[in-house]
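None of the figures in this text is laboratory data; all of them are computed from the coordinates on show. The structure presented is a predicted model; accordingly, all values stated were derived computationally and were not measured. All Cβ positions, glycine included, derive from the backbone under ideal geometry; neighbour counts span all protein chains shown.
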Amino acid sequence: MITVLVLEDEKKIYELLSEALRKQGYSFVDEPQSGGIIKIIKKNSEAVTSLGEKIVELKDNLFITKNGQVYQAMLEEIERPLIEAVLERAEGNQLKAAKILGINRNTLRSKIKKLSINAGKWKV
């Protein structure tokens, strides 16, 4: 375990650390505590796989359970986490998130509403 003492910008430092470390397969034990102390980290035991490998694994499961509806089922599995990840990166800014996704802002808002995503969760 590593302990980091952050004196200023605690939230931003936590976000930056968590993003960088999650990309490397780590996860945080818990959220930052008062006083700026952040407890880090457990390496995920399962090997980090590519998105393509995850999609193939997901697709195989969907072929068995959703025969004839694989395309729609695949979209339902991927769309929500993708939109949430982009909203997080865009700090809740829907216009910025729509640009990143390459879709119209109104289309993004429609999808947020349809999927019951709390877009305000990531606003700074």
Per residue, how big is the convex hull of the stretch 51-122 when only Cα atoms are used? Give it in Å³. 97 Å³
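How do 93-103, 108-118 rank on mean C-beta neighbours within 10 Å, highest first? Mind showing how you got there, number by number?
On the way: 93-103: 15.6, 108-118: 13.5.
Peptide ranking by packing, descending: 93-103, 108-118.
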Taking 0.36 nm per residue of sequence separation and subtracting the Cα-Cα distance, how much length would be gained by fully extending the chain between Lys99 and Lys11, in nm to one decimal? 29.2 nm
Calc'd 3J(HN,Hα), the stretch 108-116, phi into Karplus 6.51 cos²θ - 1.76 cosθ + 1.60 (θ = phi - 60°), Hz, glycine/Pro = x, comes to 4, 4, 4, 5, 4, 5, 4, 8, 6
